[in-house]
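The values are calculated or read from the model by the stated rules, or taken from the named source; none is laboratory data. Bear in mind the structure is a predicted one, so any value in this text is a computation, not a measurement. Counting neighbours? That spans all protein chains shown, and the Cβs are built from the backbone with ideal geometry, glycine included. What goes into the accessible areas is simple: the full protein's heavy atoms, side chains included, and nothing from ligands, DNA or RNA. Shrake-Rupley method; radii C 1.70, N 1.55, O 1.52, S 1.80 Å.
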Amino acid sequence: MIKLGLLGRHLSHSLSPKIHEFLFEELQIQGKYDLFEKEEKDVNDFIKDISDENIGINVTIPYKIKVIKSLDWISEEASKIGAVNTIHFKNGKKYGYNTDYFGFSRLLEQNSIDVSNKKVVVLGAGGAARAVITCLRDLKAKEIIIVARNLEKATSQLGNLLGEDTRMITFNTLEKENQKGYLVVNSTPVGMFPNIYDCPISEKSIRNYEVFVDLIYNPLETKFLEKARLCGKKAVNGMFMLVAQGIASEEIWLNKKIGNDVIEKIAKRLENNKNIVLIGMPGCGKTYIGKILAEKLNKEFIDSDEYLQTLEKKSISELFVYGEEYFREVETKAIKEISLNKNKVISTGGGVIKKYENIELLKKNGIIIFLNRPLERIIEDIDVSSRPLLLKGIEEIYSIYNKRVEFYKKYSDYIIENKTGINQVVDSIIDIIQK
Ligand code: NAP
């Protein structure tokens, strides 16, 4: 049994265990990948106490620099970058590497992005940018423009990495200079969930370049990549890099080359971990069907109305006392949090389609399914007292349906007619997902 793990501070959202679990399956080896959440004061003792039996650990924010002093040796790329994300325990010694560097270079290779002798732009000057800049230099980029919001801070952070091939400018200068080049790499968190509408540079600047890489992988398509794609440019997300850096760590630990085809396969599996989001009228069966679906697919179930009530510590009816506008506002707040998840079944409130923002959030990580149930059946089953919008009487349901149906249809990826048995509906959804 190979024992591995990840050292960091807050790790509950990490995709690393999944990446390594998928790799163990691919290579048919027995392995275990644990999460080690440690406080800063305990980091060095933790590393000191690890025995060779553990083989290796990855290191993530905020300990990539701190761990260096506990190691016996660090690799050339880790030394240039000044950060370690992979430790190999061998013969009583501790060896440090930086596989973000390899993750990024393999992403370029996989997407036939050739930077040699070309002008490239790196947005941001943090930890990931250090690996990106080092890699771009090793691949002989002609000019590396580093874009930062605070030049003084960025200069001190990048220190020894700045050289004759680099030029540091602000985001404003990039926009004003309006120059042409080959590649832009976003290594800032701008555009990451939940701030999915943010984009680090303007469309005008995007038009000046040919290829766009975003290190962000949640969402898979950031505004930056969406704009680039809509301008007809090549746009690549950070998922392949994320998997590739994990696989590069395994190559070090296992002393074995693992092909890009395996990385691609695992990245696709992770991308397929989408949420299944059910939308439709109150009483159309979203919660009931959602629960069965979740159980059959071995996914967790989230009811957005329940989530909202827990978040606000009030029932739906109590929230409606402040008016529908207020309710929709807090509903969006809950949807923002819920959309951060992956691999869940989510049932939504009937009015979720009243704000397009909700749909945009849910779509980033999810497949949207409209459950369309005949109104007569809904009327037979519905408990009006628990549905604030139906308190005016049952005929109100027709008027609400007529107003909403075009949005349910327009915003959904698939429409499922819920007029046969529950099991058939669940099977049709599973069919869609598996295809
Ligand atoms: P970091 O060390 O915190 O650096 C972030 C950089 O972005 C800093 O230079 C920061 O500038 C800049 N920045 C932050 N907010 C900004 C804003 N609103 N406008 C302009 N610049 C801003 O973080 P990191 O570790 O380098 O990670 C950066 C991103 O890369 C994250 O989204 C992370 O998830 C992603 N990443 C992906 C992979 C992968 O494998 N795909 C690997 C590593 C990182 P200041 O110093 O002025 O705050």
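Over region 170-280, calculate the relative contact order: mean separation of alpha carbon pairs under 8 Å at least 6 apart, over the residue count, as a percent. It would help to have the intermediate numbers written out before the result.
Details: 143 pairs, mean separation 22.3, N = 111.
Computed value for region 170-280: 20 percent relative contact order.
Along each of its three principal axes, how wide is the spread of alpha-carbon positions in region 342-386, in whole angstrom units, largest first?
35, 21, 17
Work out, step by step, the length gained on full extension between E164 and T310: first 0.36 nm times the residue separation, then minus their alpha carbon distance; give nm to one decimal. Please report the intermediate quantities before stating the final value.
Details: separation 146, 0.36 × 146 = 52.56 nm, distance 5.57 nm.
That works out to 47.0 nm of additional length.
Please list T60, T348 in order of solvent-accessible area, largest first, computed with a 1.4 Å probe with all protein chains present. Numbers along the way, then the final one.
On the way: T60 40, T348 5 Å².
Per-residue accessible area, sorted high to low, gives T60, T348.
Tally Lys and Arg at +1 and Asp and Glu at -1 over the other residues with C-beta under 13 Å from the C-beta of D34: what net charge comes out? The partial results should precede the final answer.
Numbers: positive: K3, K32, K38; negative: E21, E37, E53.
Net local charge, D34 excluded: 0.
Using the structure shown, list the pairs from K3/K93; K274/K364; K354/K410; K18/K336 with a Cα-Cα distance above 19 Å, or answer none. Walk me through the numbers on the way to the answer.
Numbers: K3/K93 16 Å; K274/K364 9 Å; K354/K410 12 Å; K18/K336 24 Å.
In this structure, K18/K336 exceed 19 Å between Cα atoms.
Going from most exposed to least, what order do V426, V405 have by accessible area with a 1.4 Å probe? Numbers along the way, then the final one.
Values: V426 0, V405 25 Å².
The most accessible residue leads, giving V405, V426.
Residue by residue through region 101-117, what is 3J(HN,Hα) from phi via Karplus (6.51 cos²θ - 1.76 cosθ + 1.60, θ = phi - 60°)? Round to whole Hz and write x for glycine and proline.
Using θ = phi - 60°, the values come out as 4, 5, x, 5, 5, 6, 5, 5, 4, 4, 9, 6, 9, 9, 8, 4, 6 Hz.
Percent relative contact order of region 309-435, based on C-alpha pairs within less than 8 angstrom and at least six residues apart?
Details: 89 pairs, mean separation 31.3, N = 127.
For region 309-435, the relative contact order is 25 percent.
Explain nothing, just the number: dipole magnitude of region 309-435 about its Cα centre with +1 on each Lys and Arg Cβ and -1 on each Asp and Glu Cβ, in debye rounded to the nearest 20.
Details: 21 positive and 20 negative charges, 87 e Å.
I would put it at about 420 debye.
Taking 7 Å along the Cα-to-C-beta vector as the label spot, tell me the I29-R269 distance in nanometres, rounded to one decimal.
For the pair I29/R269, the computed spacing is 1.5 nm.
Considering the alpha-carbon set of the chain alone, what are its Rg and its Dmax in angstrom?
When restricted to the Cα atoms of the chain, Rg and Dmax are 24.8, 77 Å.
Okay, which of region 262-292 sit inside 13 Å, backbone N to the point 7 Å along the Cα-Cβ direction of V405?
Residues passing the 13 Å test: 281.
Expected output is a single nm value to one decimal: the length gained when fully extending between E76 and D381, i.e. 0.36 nm times separation in residues minus the C-alpha distance. What is it? Display every interim value, and only then the final one.
On the way: separation 305, 0.36 × 305 = 109.80 nm, distance 6.76 nm.
103.0 nm is the gain from fully extending E76 to D381.
With springs only between Cα atoms under 10 Å, which of S339, S202, S12 fluctuates most in a Gaussian network model of the chain?
Fluctuation is largest for S12.
Name the residue, out of D45, D198, D138, whose mean-square fluctuation peaks in a Gaussian network model built on the chain with Cα pairs under 10 Å.
Highest fluctuation among the options: D45.
Using the charge dipole of the chain (Lys, Arg: +1 at Cβ; Asp, Glu: -1 at Cβ; taken about the Cα centre), state which of L35, N117, M192 has its Cα farthest towards the positive end.
Comparing the listed Cα positions along the dipole, N117 ranks first.
Place a point 7 Å from Cα of N208 in the direction of its Cβ. Which residues in region 171-196 have their backbone N less than 12 Å from it?
Backbone N within reach: 171-184.
Quantify, in whole percent, the carbon and sulfur part of the accessible surface of region 225-288 (1.4 Å probe; protein heavy atoms only).
Numbers: 1130 of 2380 Å².
C and S fraction of accessible area: 48 percent.
At a threshold of 8 angstrom on Cα-Cα distance, excluding pairs fewer than six apart, so keeping six or more, what relative contact order does region 227-359 reach in percent? Walk me through the intermediate numbers first.
Details: 124 pairs, mean separation 39.6, N = 133.
Computed over region 227-359, the figure is 30 percent.
Kindly state, as a whole number, the per residue volume in cubic angstrom of the convex hull around the alpha carbon atoms of region 69-149. Working shown, then result.
On the way: hull volume 7.2 nm³, N = 81.
Expressed per residue, the convex hull around the Cα atoms of region 69-149 is 89 Å³.
Kindly provide the helix-only [θ] at 222 nm of the chain, computed as the sum of -39,500 (n - 2.57) over DSSP H runs of four or more divided by all residues, to the nearest 500 deg cm²/dmol? Present the calculation step by step, with values, prior to reporting the outcome.
Values: 19 runs with 190 residues, N = 435.
After summing the helix terms and dividing by residue count, I get -13000 deg cm²/dmol.
Please work out how many pairs of lysine residues in region 99-159 are eight or more positions apart (or on different chains) and have Cα atoms closer than 19 angstrom.
Going through region 99-159 pair by pair, I get 4.
What is the Cα radius of gyration of region 319-435 over 2.2 N^0.38 Å, N being its residue count? Walk me through the numbers on the way to the answer.
Working: Rg = 15.0 Å, N = 117, 2.2 N^0.38 = 13.4 Å.
Normalised Cα radius of gyration, region 319-435: 1.12.
Using only Cα atoms, figure out Rg for region 189-276 and give it as a multiple of 2.2 N^0.38 Å.
Working: Rg = 15.0 Å, N = 88, 2.2 N^0.38 = 12.1 Å.
In units of the globular-protein estimate, region 189-276 measures up at 1.24.
Return one quarter of the surface area of the convex hull spanned by the alpha-carbon atoms of region 308-362, equal to its mean projected area, in nm².
On the way: hull surface 14.7 nm².
Orientation-averaged projected area of the Cα hull: 3.7 nm².
At a Förster distance of 30 Å, what's the computed FRET efficiency of N195 paired with K90, Cβ-Cβ distance as r, to 0.05?
Numbers: r = 41 Å, r/R0 = 1.38.
The pair N195/K90 has a calculated efficiency of 0.15.
What is the sum of charges around T310, taking Lys and Arg as +1, Asp and Glu as -1, for the other residues whose C-beta is under 12 Å from the C-beta of T310? Before the final figure, lay out the partial values.
Values: positive: K313, K314; negative: D303, D305, E306, E312, E337.
It works out to a net charge of -3.
Give the Cα extents of region 32-89 along the principal axes, in whole Å, largest first.
Extents along the principal axes: 29, 23, 18 Å.
Would you mind counting up the charge near C199? Only other residues with Cβ under 11 Å from its Cβ, with Lys and Arg at +1 and Asp and Glu at -1. Please list the in-between numbers first.
Details: positive: K223, K227; negative: D198, E203, D214, E226.
Result for the local shell: -2.
What percentages make up the Cα-Cα pair-distance distribution of region 114-256 when the bins are 5 Å wide from 0?
2, 10, 20, 22, 21, 15, 6, 3, 1, 0
Accessible area per residue of region 23-62 at 1.4 Å probe, in Å²? Walk me through the numbers on the way to the answer.
Values: 2420 Å² over 40 residues.
With the other protein chains kept in place, region 23-62 gives 60 Å² per residue.
In what order, largest first, do M168, M1, M241 sit by accessible area if the probe radius is 1.4 Å?
On the way: M168 40, M1 140, M241 15 Å².
Putting M168, M1, M241 in descending order of accessible area: M1, M168, M241.
Where the Cα atoms of region 1-111 are projected onto their three principal axes, how long is each span, largest first, in whole Å?
36, 31, 30
For region 225-232, what does the Karplus curve 6.51 cos²θ - 1.76 cosθ + 1.60, with θ = phi - 60°, yield as ³J(HN,Hα) per residue in whole Hz, taken in order and with x for Gly and Pro?
Working through the residues one at a time gives 6, 4, 5, 4, 4, 5, 8, x Hz.
Per the 1.4 Å probe, what fraction of the accessible area of region 312-424, in percent, lies on carbon and sulfur atoms? Mind showing how you got there, number by number?
Details: 2850 of 5680 Å².
Ligands and nucleic acids excluded, carbon and sulfur reach 50 percent.
Springs between alpha-carbon atoms under 10 Å, Gaussian network over the chain: tell me which of Y322, Y182, Y63 tops the mean-square fluctuations.
Judging by the Gaussian network model, the answer is Y322.
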